[in-house]
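Undergrad: Please see the structure below; I have some questions.
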Amino acid sequence: MKSYITLNRNGDFRRAYAKGRSFSDAALVTYVFKTRRRVCRMGITVSKKVGCAVERNRCKRVIRAAFRDCCGEIEGGWDLVFVARGKTKYLKSTVIGKIMRRHLRQAGVIRDKSEHVDTGR
C-alpha cells in the first residue's frame, strides 16, 4: 500500500513550481511545497527533450522506485514534484534515491537521524 497520492492536476504542479522551493542536480530537480494535508502528494514530469517515450517512461519508473524507498521517512503534508533531466535515464534508482534524499533533507522534508533525540518518555 502506498503512503502517498499522485499529483495529476495542472494547478497543483503550477503551485509547486511557483510557490515551492526548488533543489537541482544534474540528474533531478525537486520542487517542495508544504500543504495542510496529512498525506504526501508526489508528481513526476519528464520533458520530451529527455528522449523518446521509452526513455521518458524509464525515467518515471526510476524516480518512482527511488521515491518508494524514502517515502516512509516523510512526515506531514507535502507536495513534491520531481523533474527528470537528461542524465536521469542513464542512472539507477539507488543513485537517484541518494540525490532525492539529499534534496528532501535540504528542504526539511526528511529529518536526519542525528536530529531526532529520544527523551525516553
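Undergrad: Hey, can you find the accessible area per residue of the chain for me, probe 1.4 Å, expressed in square angstrom?
TA: Per residue, the chain has 65 Å² of solvent-accessible surface.
Undergrad: Separate question: Could you derive backbone 3J(HN,Hα) for the range 14-26 from the dihedral phi with the Karplus parameters 6.51, -1.76 and 1.60 (θ = phi - 60°), listing whole Hz in sequence and x where the residue is Gly or Pro?
TA: 4, 5, 5, 5, 7, 9, x, 8, 10, 9, 10, 8, 5
Undergrad: Place +1 on the Cβ of every Lys and Arg and -1 on the Cβ of every Asp and Glu in the chain, take the dipole about the Cα centre, and give the residue among H103, C70, F13 whose Cα lies farthest towards its positive end.
TA: With unit charges placed on the Cβ atoms, the residue in question is F13.
Undergrad: Under the rule of -39500 (n - 2.57) per DSSP H run of 4 or more residues, summed and divided by the residues of the chain, what mean residue ellipticity at 222 nm is obtained, to the nearest 500 deg cm²/dmol?
TA: -11500 deg cm²/dmol
Undergrad: Still on this structure: Ignoring ligands, DNA and RNA, what percent of the 1.4 Å accessible area of the chain is carbon and sulfur?
TA: Using a 1.4 Å probe with all protein chains present, the chain comes out at 48 percent carbon and sulfur.
Undergrad: Moving on to the next point. Beyond 19 Å between alpha-carbons counts as too far, so tell me which of K19/K49; K49/K98; K34/K60; K34/K98; K48/K89; K19/K98 fall in that bin.
TA: Those over the limit are K19/K49; K49/K98; K34/K60; K34/K98; K19/K98.
Undergrad: While we're looking at this one, here's another question. Going by accessible area, probe 1.4 Å, with all protein chains left in place, what is the ranking of T94, T30, largest first?
TA: Heavy-atom accessible area, descending, gives T94, T30.
Undergrad: I need to check one value: relative contact order of the chain, counting alpha carbon pairs closer than 8 Å and at least 6 residues apart, in percent. Don't skip to the end; give the middle numbers.
TA: Numbers: 190 pairs, mean separation 37.5, N = 121.
Relative contact order comes out at 31 percent.
Undergrad: Which value, in debye to the nearest 20, gives the size of the charge dipole of the chain about its Cα centre, when Lys and Arg are +1 and Asp and Glu are -1 at the Cβ?
TA: Details: 30 positive and 10 negative charges, 92 e Å.
Here the chain has a charge dipole of around 440 debye.
Undergrad: Taking the Cα centre of the range 3-71 as origin, sum charge times position over the Cβ atoms of Lys and Arg (+1) and Asp and Glu (-1), and report the length of that vector in debye to the nearest 20. Walk me through the intermediate numbers first.
TA: On the way: 18 positive and 4 negative charges, 74 e Å.
In debye, rounded to 20, the range 3-71 gives about 360.
The values are calculated or read from the model by the stated rules, or taken from the named source; none is laboratory data. This is a predicted model, so every value here is computed, not measured. Glycine also receives a Cβ, built like all others from the backbone with ideal geometry; neighbour counts cover every protein chain displayed. Areas reflect the complete protein model, heavy atoms only, side chains present, ligands, DNA and RNA absent. Shrake-Rupley method; radii C 1.70, N 1.55, O 1.52, S 1.80 Å.
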